[in-house]
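Some notes on the structure that comes next.
Any read-out appearing in this document is the output of simple, stated calculations on the displayed coordinates, not a laboratory observation. Only a predicted model underlies this, so the values are computations on that prediction, with no experimental measurement involved. A quick note on method: Cβ atoms are made from the backbone with ideal geometry, for glycine too, and the neighbour counts reach across all protein chains shown.
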Amino acid sequence: MPEIILGALILIIAILFFREYYLRQKLLKHFDQEEAARQKSFELIHQAIERSQAILADAELDSIKIAAQNSLQTKKYEQDLEQKLASSIQETSGVLSKEESGFRDKLQGSLQEFAKYLTDLKSKADLAQQSNQDLIKSQINQIFEKFEQNLADFLAQTEQHSVSTIDTEIRATRQLINTYKEEQLRLIDENIIAILERTLSLVLAKKLTLKDQVDLVYEALEKAKIEKFIS
Amino acid sequence: MEDQILNTILKDTYTQTQLNRRLRLLKESLNNQFFGVKNNLFIELEDQNWLDSLDKTIFSQFSQENFNAQFQKLEELGKQIPVLSLYLSFDPPLEEIAKLSNYFRTNFSPNFLFEIKLDPNLVAGSALVWKGVYKDYSLRKYIDDQKERLISEFKQFIK
């Protein structure tokens, strides 16, 4: 039995050894292929760099050519432009001189028209001033007339008012005088009665006898009796 | 009884002043008689004559017991008699006052009392006050009533 197991182990180990060997061979082959490819790619990169440098040199040459052509073309354009500008200025100055003479004529005409307008305006202003003066005179005259009329009315009203006031005052004064007169007359009348009573009192006191006095008292008592004053 | 005494006193008493004085005289006389109180009132001859003329039966109606009550009633009765104020322009003598009293007592009331007051401004005639009402029957009133006519006639006289 152990021989069997040993034999199996040896077999297994041999198998594993062969397998490892095969795999290592395969890996080495693969490394070789990769190295060849890398070499090839380096060659391709080198070729590309050389080609791009050539292209850059061509491009620089082309750009120099184009710049020179541009400079030449620009000078040519400038010359053309100067010529065209000079001719254009010449034409414009001709037109301007023509326009100037036309403008001067028009200006002269306008000035004449303006002078005429000013003359007309002055005559109109003179007329308007005259008209205004007349209107102002007329209005002032109207104002004076109105003022005179108002003053006359005011004076008339004042006179009327004064007359009315004086009339009222006179009436009041007359009334006062009449009242005073009536009051004085009333006082005089009362004084007359007082004097009469006093005189009668003095005279009758001396002239009336006791019998007369008593008779008058009985006469009064009879009146009171008739009037039923004493009940 | 008090009525009888008052009527006796009023026979020759015409004015309220007289009545008041005579009641006081009688009172003081009886007071002296009953209680020996001396008179405070000055008694004139006229007063003494009146006291002497009084009927003696009047005195017999008073006693020490009823003195105060009797006199109180008597004074109250005296106050109840209405009084006429008679305004005159002259001072009448006693005879005329008696005649006037007789007139009043004949025409109005047997116990009639009046009070004479002097007013010289009345000129003549009299004015009366009865129960608080004044009535002028004097010559002054007549002149006042005829004032307008008198003034107009006076003015005509002046013209």
Computed from the mean reciprocal separation of all distinct C-alpha pairs, what Kirkwood hydrodynamic radius does the stretch A:32-177 have, in Å?
-> 29.0 Å
For the protein assembly as shown, size of Cβ-based charge dipole, Lys and Arg +1, Asp and Glu -1, in debye = 740 debye
Using 1/(1 + (r/R0)^6) with R0 = 56 angstrom and r between the beta carbons of B:F67 and A:I192, what's the FRET efficiency to the nearest 0.05?
-> 0.35
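Run lengths n ≥ 4 of DSSP H only: what is the helix-derived mean residue ellipticity at 222 nm for chain A, with -39500 (n - 2.57) per run over all residues, to the nearest 500? It would help to have the intermediate numbers written out before the result.
On the way: 2 runs with 223 residues, N = 231.
-37500 deg cm²/dmol, from helical runs alone.
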Which Cα, out of A:G102, B:G78, A:A224, lies furthest along the positive dipole direction of the protein assembly as shown (beta carbon charges, K/R +1, D/E -1)?
-> B:G78
Test item: B:131-140 mean partner chain Cβ contacts at 10 Å = 4
Rounded to the nearest 500 deg cm²/dmol, what is the calculated helix-only ellipticity per residue at 222 nm for chain B, with -39500 (n - 2.57) per DSSP H run of length n ≥ 4?
-> -17500 deg cm²/dmol
GluC sites (Glu not before Pro) within the stretch B:42-92, DSSP loop, no more than 11 other Cβ atoms inside 10 Å | B:E44, B:E65
Charge dipole of the protein assembly as shown about the Cα centre (unit charges at C-beta), most positive-ward option of B:P93, B:A127, A:L111 | B:P93
Computed from every Cα-Cα pair in the stretch B:2-80, P(r) in 5 Å bins starting at 0 and rounded to whole percents is 3, 14, 29, 29, 20, 5, 0
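Report the extension gain between A:F144 and A:K65 in nm, rounded to one decimal, defined as 0.36 nm multiplied by the number of residues separating them, less their alpha carbon distance.
Contour length minus the Cα-Cα distance gives 17.9 nm.
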Scan around B:Y14 for amide H atoms under 5 Å from its own, H built in the peptide plane at 1.01 Å from N, and keep only partners 5 or more places away or cross-chain.
-> none
Helix axis angle, B:147-158 relative to chain B longest principal axis, alpha carbon, degrees = 50 degrees
Computed from the beta carbon distance with a Förster radius of 30 Å, FRET efficiency for A:S164 and A:L185 to the nearest 0.05 stands at 0.45
Give me the distance between the Cα centres of the stretch B:107-159 and the stretch A:192-225, rounded to whole Å.
-> 8 Å
Helix B:67-80 vs. chain B, principal-axis angle (Cα, 0 to 90°, nearest 10) = 20 degrees
Label B:D12 and A:R171 with points 7 Å out from Cα along Cα→Cβ: what is the distance between them in nm?
-> 7.8 nm
For the stretch B:83-145, diffusion coefficient by Stokes-Einstein and Kirkwood Rh (Cα), 20 °C, 1.002 mPa s, µm²/s | 176 µm²/s
For B:F90, other-chain or 5+-apart residues with amide H closer than 5 Å (H placed, Pro excluded) are B:D119
All alpha-carbon distances of the protein assembly as shown, grouped into 20 Å bins from 0, give the whole-percent distribution 13, 17, 10, 7, 6, 6, 7, 7, 10, 13, 3
Förster radius 25 Å - calculated FRET efficiency between B:I81 and B:Q33, Cβ distance, rounded to 0.05 | 0.40
Using just the alpha carbons, could you tell me how many Å³ per residue the convex hull of the stretch A:7-50 encloses?
-> 27 Å³
Ratio of Rg to Rh for chain B, alpha carbon only, Kirkwood?
-> 1.16
Taking the Cβ of A:A152 as the centre, find all other residues whose Cβ is under 12 Å away and add up their charges (Lys, Arg: +1; Asp, Glu: -1).
-> -3
Report, in debye and to the nearest 20, how large the dipole of chain B comes out about its Cα centre when Lys and Arg carry +1 and Asp and Glu carry -1 on their Cβ.
-> 540 debye
Rounded to the nearest Å, what's the spacing between the alpha carbon centres of the stretch B:59-91 and the stretch A:125-185? Just the number, please.
-> 89 Å
Could you work out the mean projected area of the convex hull around the alpha carbons of the stretch A:123-196, in square nanometres to one decimal?
-> 4.9 nm²
Given the options A:Q139, A:Q213, A:Q53, state which has the largest fluctuation in a GNM of chain A using a 10 Å cut-off (strictly under) for Cα springs.
-> A:Q213
Nearest 10 degrees, 0 to 90: helix A:2-207 Cα axis against chain A principal axis | 10 degrees
